[in-house]
Amino acid sequence: MKRLPVIILLTLLAGAWLGGCSCSSDKVEVAPKDTAAYNMGLRHAAVLLEMRGDESRMCDELLDIRSRESRMREHLRESAADAYIQGFTDYITEHDDSLAKVLFD
């Protein structure tokens, strides 16, 4: 029973994630100048997956990831933010199919 609120929260975060995502379901081609942002997305996804079992930390990390994306869009460039999210989604999709379904389907 205790897990139900956490599952609801993850579902709401996933809805917010998808609602605010400016990326399409197609892969974004990563320009060489955005490779660092893509790799950072990979690393942050790996950190998120290390938090499995601690849903509240996972929720906090998802919020941090959205915050980073927003700051990239505001202070860097759109393509860097897109590459960051592409790296994040690629890693999650490849390494945790069930979480990918919650977040991206």
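Every number here is computed from the coordinates shown, using simple stated rules; none is lab data. Please read all numbers here as calculations on a predicted model, not as lab measurements. Positions of Cβ are generated from backbone atoms using ideal geometry, with glycine treated the same way; all protein chains shown enter the neighbour counts.
Data for the structure
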{"quantity": "Exposure proxy order (Cβ contacts within 10 Å, fewest to most) of PHE104, PHE88", "calculated": "PHE104, PHE88"}
{"quantity": "Inter-site label distance for ARG57 and PHE104 at 7 Å from Cα along Cβ, in nm", "calculated": "2.4"}
{"quantity": "FRET E, pair ASP64, HIS95, Förster distance 25 Å, beta-carbon r, rounded to 0.05", "calculated": "0.85"}
